[in-house]
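Only the coordinates and a few stated rules stand behind these numbers; no lab work does. These numbers come from a predicted model, not from an experiment. No Cβ is skipped: glycine too gets one built from the backbone with ideal geometry, and neighbour counts run over all protein chains shown.
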Amino acid sequence: MNFYSLWLDLRQWLRAWFLPLLAGSSSYGILFFAQPPHSSPEGAYVFLLPSLIWLATKPPLKKVLIVYLVTGWLYFFFLVGWMRHISPVGMILATFLLSAYQLPWFWLAKILLPLGMHTSFFKRIVALLVLPCAWVVTEWIRCYFTLGFPWCPLSTTQWERPAILQTIPWFGAWVVSFFLVCFNLCVASYLHHLLVRRKKVTRNILSSLCPDLYFGLLLLFLMVSPFFLNRSISSEKATSLTIEVGICQPYLTEKWQQSSSNSHKEILARQTSFLGALNPDLIIWPEAATPNGLHVDLPWVKKLAQSVHAPLLIGATVKEGIHNYNSVVRIRPTSGMDQEWYAKRILVPFGEYVPFPFKLIPGLRKMVGPVGNFTAGEYPVFQEIELKDEKKTKISVGPLICYEDIFPQLTRDLVKGGSDIIFVTTNDAWFGEEGCAEQHASHSVLRALESGQTILRCGNSGLSGWIDSRGHLHDILRDENGSIYFQGASTVQVSFIPKSSTFYSKHGDFFPWICILITALFLVFNQIEKWKSNNQQLVSP
């Protein structure tokens with residue numbers, strides 16, 4: 001074996017691929033630490049810089065696609081690595097698909113970067129607008145199709161920074177992703193101006209000024225201004241109601257093992273009895289809380305509701321004939337289980353069912369969890385809760401199950417249907433303590449802002465509490481060490497404005513459609529310019 005040849009080949013490979021992979025992994029690495037559960041959201045303002053610097057060297061398209069497919073796959077692999085606890089194959093397929101979704105953006109960035117380095121601001125503004133629009137389009141597309149999985153868009157990085165989120169009620173969470181990409185581009189253009197561009201223009205007192213930077217700062221001002229201009233808190237309190245809710249966070253593990261059934265019942269009964277002694281308006285359980293499914297456990301659940309003299313709003317599996325449903329059911333102390341209950345409408349691919357065309361592969365159905373294939377619900381079902389106030393006020397609760405709160409259209413359905421408050425019940429204990437609960441809760445923050453409604457959350461292991469319509473978290477259940485991963489129960493006072501809504505909840509995804517139009521127009525005009533350029537080359541002597 002010729003070790004010298006191997007060393008030369010290695011040096012050649014490193015020369016060809018080290019900087020590209022470093023650029024891609026640096027961008028995705030910064031973005032990884034900007035996402036929850038990490039505490040570096042400011043990284044989202046500069047995460048694209050390493051990639052933009054490399055793309056400025058005009059690398060070949062094939063190398064760009066390979067670099068960002070590989071580094072993007074690694075990013076999503078570590079971001080949602082907790083999925084392996086349920087479906088390792090599903091995790092591999094999902095992370096590969098998520099990485100592939102981003103490739104068109106980097107292809108477009110390679111095309112547009114020469115405009116971004118141009119001396120004319122009016123040409124650079126094209127890149128500053130089209131690239132953020134294209135990023136929004138890729139995130140929006142992830143909400144649809146069979147394997148739609150819009151987990152952790154760029155906007156979730158700011159879930160604990162409500163000041164930057166206050167334009168969401170008008171434009172949806174897409175506007176935050178648009179702003180962050182645009183700000184990255186403005187910073188990159190400013191650095192390019194300082195180091196390169198200003199040396200190519202006539203030196204004068206204005207040559208150091210870069211309008212791109214001020215454009216980015218103007219966008220930042222527009223993003224945060226509603227935080228200070230919103231209606232006063234006192235006016236909100238004058239129109240708000242309060243419901244006292246008992247939250248059970250039982251931290252049930254090994255849920256579907258028959259040997260754990262009795263201990264799980266004891267935990268739920270103990271927590272529910274404790275909360276019942278505090279006389280709440282409502283007691284809530286997490287997703288699929290009953291150990292054996294409600295068709296088996298209904299008698300003891302009904303008896304428990306009678307003993308605490310409070311309605312239970314619980315996550316449970318319901319079996320009807322050959323169909324299993326992941327459901328939210330109301331159990332009343334007097335009449336028991338409601339005849340109408342909510343069934344989860346968007347099921348988890350490879351977790352709750354095998355999507356087409358994968359279900360045609362023999363043996364693949366065995367990848368689905370221990371309950372078997374679920375059947376999806378078709379429409380929202382609202383639960384009416386009567387408060388224990390003097391007026392016996394009745395409110396409408398709109399439920400969502402598991403990861404349904406990552407889909408903006410489902411929340412809009414609840415608002416349009418007349419919900420007063422939104423209830424998210426989940427079982428993130430499936431995924432250990434590796435950040436899934438925080439990532440999941442970040443989507444609830446976005447949905448609260450989009451809908452203008454309070455979101456009440458109950459998780460098997462966290463994150464349980466409530467989020468107001470401005471995106472602030474309240475009364476999050478934590479243990480003595482500050483961890484959300486624990487077994488506990490508490491009553492919370494949840495404030496909300498009945499029948500509240502926003503411009504976005506009424507008009508939907510108009511902003512992504514604007515982004516689609518802008519991106520499409522650029523692609524058309526760019527193609528026309530190519531044709532003109534090719535024709536000129538053909539006719540030139």
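Other residues with beta-carbon under 15 Å from the beta-carbon of Asp509 carry, at +1 per Lys or Arg and -1 per Asp or Glu, a net charge of +2.
Size descriptors for segment 234-506 (Cα atoms only): Rg and Dmax, in that order, 17.8, 61 Å.
Dividing the helix sum by the residues of the chain, where each DSSP H run of 4 or more adds -39500 (n - 2.57), gives a mean residue ellipticity at 222 nm of -15500 deg cm²/dmol. Sparse packing (at most 10 other Cβ atoms within 10 Å of the Cβ) combined with a DSSP loop state is found for the following chymotrypsin sites (Phe, Trp or Tyr not before Pro) in segment 71-173: Phe145. Shown here for segment 371-467: GluC sites (Glu not before Pro) in loop regions (DSSP other than H, G, I, E, B) with at most 11 other Cβ atoms within 10 Å, namely Glu378, Glu390. A cut-off under 11 angstrom between Cβ atoms defines the neighbours of Pro169, and their net charge, with Lys, Arg +1 and Asp, Glu -1, is +1. Where does the longest stretch of the chain lie that holds no trypsin sites (Lys or Arg not before Pro) found in a DSSP loop with 13 or fewer other Cβ atoms within 10 Å? Formally, the longest exposed-site-free interval is 1-202. Of the complete DSSP H runs in the chain, those spanning 18 angstrom or more by Cα along the long axis with a mean Kyte-Doolittle score not below 1.0 are 61-79, 88-116, 121-141, 174-195, 211-229.
Pairs over the 30 Å Cα-Cα cut-off, from the set Lys302/Lys392; Lys319/Lys499; Lys110/Lys506; Lys319/Lys506; Lys58/Lys123; Lys303/Lys506: Lys319/Lys499; Lys110/Lys506; Lys319/Lys506; Lys303/Lys506.
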